Amino acid sequence: MDLLLWITIAFIIIGFVVLTSMKKGMESKLAFITVNMEGEESSTKDKSIIWWILSATAWGIVSMILVVWCFHNNFG
């Protein structure tokens with residue numbers, strides 16, 4: 001198996017582990033925001049949740065691109 005396949009597998013596994021490990025913290029921040037709608041601390045927690053969602057989306061897109069690229073190089 002080539003290096004691109006190993007990079008793809010490692011990227012997906014490491015990203016999944018990081019996202020799932022951060023999930024509980026994001027849930028508690030969301031609960032805090034739901035209870036305390038206004039305030040400066042709520043605003044910073046909003047931003048961290050938004051960045052987490054954006055990074056999870058970017059990770060998913062890059063993972064899909066890597067999988068397609070890997071299949072294209074190996075079977076195309």
Run down Ile53, Ile12 and say which single residue is part of a helix (DSSP H, G or I), β-branched (Val, Ile, Thr) and surrounded by 14 or more Cβ atoms within 10 Å (Cβ to Cβ).
Ile12
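Condition check: at pLDDT 90 or above, open to solvent by 70 Å² or more (accessible area, probe 1.4 Å) and closer than 13 Å to Cys70 by Cα. Does Ile7 satisfy that?
Considered against the rule, which asks whether it is at pLDDT 90 or above, open to solvent by 70 Å² or more (accessible area, probe 1.4 Å) and closer than 13 Å to Cys70 by Cα, Ile7 comes out as yes.
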Given the criteria touching a residue at least 12 places away in the same chain (Cβ under 8 Å), under 30 Å from Phe75 (Cα atoms) and aromatic (Phe, Trp, Tyr), does Trp59 qualify?
yes
If Ile33 passes every condition in (1) at pLDDT below 90; (2) aliphatic (A, V, I, L, M); (3) loosely packed, with under 11 Cβ neighbours inside 10 Å but one, which one does it miss?
(3)
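Report whether or not Val18 is open to solvent by 50 Å² or more (accessible area, probe 1.4 Å) and either within 28 Å of Phe75 (Cβ to Cβ) or modelled with pLDDT of 90 or more (or both).
Numbers: open to solvent by 50 Å² or more (accessible area, probe 1.4 Å): yes; either within 28 Å of Phe75 (Cβ to Cβ) or modelled with pLDDT of 90 or more (or both): yes.
Criteria met by Val18.
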Can you tell me which condition Leu30 does not meet? The list is (1) over 20 Å from the mean Cα position of the chain (by Cα); (2) assigned to a helix (DSSP H, G or I); (3) over 23 Å from Ile9 (Cβ atoms), and all the others hold.
(1)
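The values are calculated or read from the model by the stated rules, or taken from the named source; none is laboratory data. The structure presented is a predicted model; accordingly, all values stated were derived computationally and were not measured. Cβ atoms come from the backbone with ideal geometry, glycine included; neighbour counts cover every protein chain shown. Ligands, DNA and RNA are stripped out before the accessible areas are found, and what is left, the full protein with its side chains, is counted by its heavy atoms. Shrake-Rupley method; radii C 1.70, N 1.55, O 1.52, S 1.80 Å.
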